[in-house]
Amino acid sequence: MKILKEFKEFAIKGNMFDMAIGIIIGVAFNKIVSSLVNDVLLPTFSMVIGKVNFQTLSIVLQEKQLDTNGEIIQELVELKYGNFIQVTLDFFIIALVIFAVVKVINNIRRKGEDVQDETVSTPKDIELLTEIRDLLKQRNESKE
């Protein structure tokens, strides 16, 4: 029962939901990056280097062997380095985007913690009220 109680506390705090949302967004982001690499970057890159399909790039280590009846005796053994190139591009794009997001979040966090930061401007209505107050002070001082 102690484990169940600890799990309820964990779930109620929201950590589990935050983690689940992060995983779901990560999976969706992975699909977007894979589509970007497969459908945009690799075809463009293959056109530049000579219409090469990265999915089919491989080095054959051992040819497929057939017997006299046409049945496979030995399967084809190959290194599919084209797929490796594709997955490596996926990784670098994901890593680059995550780095950029973390950098932006850290900048926002630093600005939020910096009390002396004057980049936050005063709202217009407060500025207007301040001007009215100053004008009323001047008016009262001039009557005296």
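The values are calculated or read from the model by the stated rules, or taken from the named source; none is laboratory data. A quick note: this is a predicted structure, and the numbers were derived from the prediction, not measured. All Cβ positions, even for glycine, are placed from backbone atoms using ideal geometry, and neighbour counts span all protein chains on display. Heads up: the accessible areas ignore ligands, DNA and RNA and are worked out on the full protein's heavy atoms, side chains in. Shrake-Rupley method; radii C 1.70, N 1.55, O 1.52, S 1.80 Å.
Before moving on, here are some points about what is shown:
- Taking each DSSP H run with n ≥ 4 as -39500 (n - 2.57) and averaging over every residue of the chain yields -22500 deg cm²/dmol at 222 nm.
- At R0 = 35 Å, FRET efficiency that the Cβ-Cβ distance of residue 107 and residue 23 yields, to 0.05: 0.85
- Carbon and sulfur %, accessible surface of the chain computed with the full protein complex present, 1.4 Å: 63 percent
- Taking 30 Å as the straight-line reach from the Cα of residue 80, the lysines in range (excluding those fewer than 8 positions away in the same chain) are 31, 51, 64.
- Accessible area per residue (1.4 Å probe, heavy atoms of protein chains only) ranks 84, 29 as 84, 29, with the largest value leading.
- Accessible area per residue for the chain, computed on protein heavy atoms with a 1.4 Å probe, is 88 Å².
- Heavy atoms of residue 46 accessible to a 1.4 Å probe, total area in Å² rounded to 10: 10 Å²
- Global form of the range 51-112, assessed from the alpha-carbon gyration tensor, a/c cut-off 1.5: prolate
- In the list [x] 1.37; [y] 0.99; [z] 0.95, the label attached to Rg/Rh (Cα atoms, Kirkwood Rh) as derived from the coordinates here is [x].
- Cut-off of 10 Å, at most 13 other beta carbons, DSSP loop: longest stretch of the chain lacking such trypsin sites (Lys or Arg not before Pro): 65-144
- Put simply, when 33-44, 90-101 are sorted by average Cβ atoms within 10 angstrom per residue, most first, you get 33-44, 90-101.
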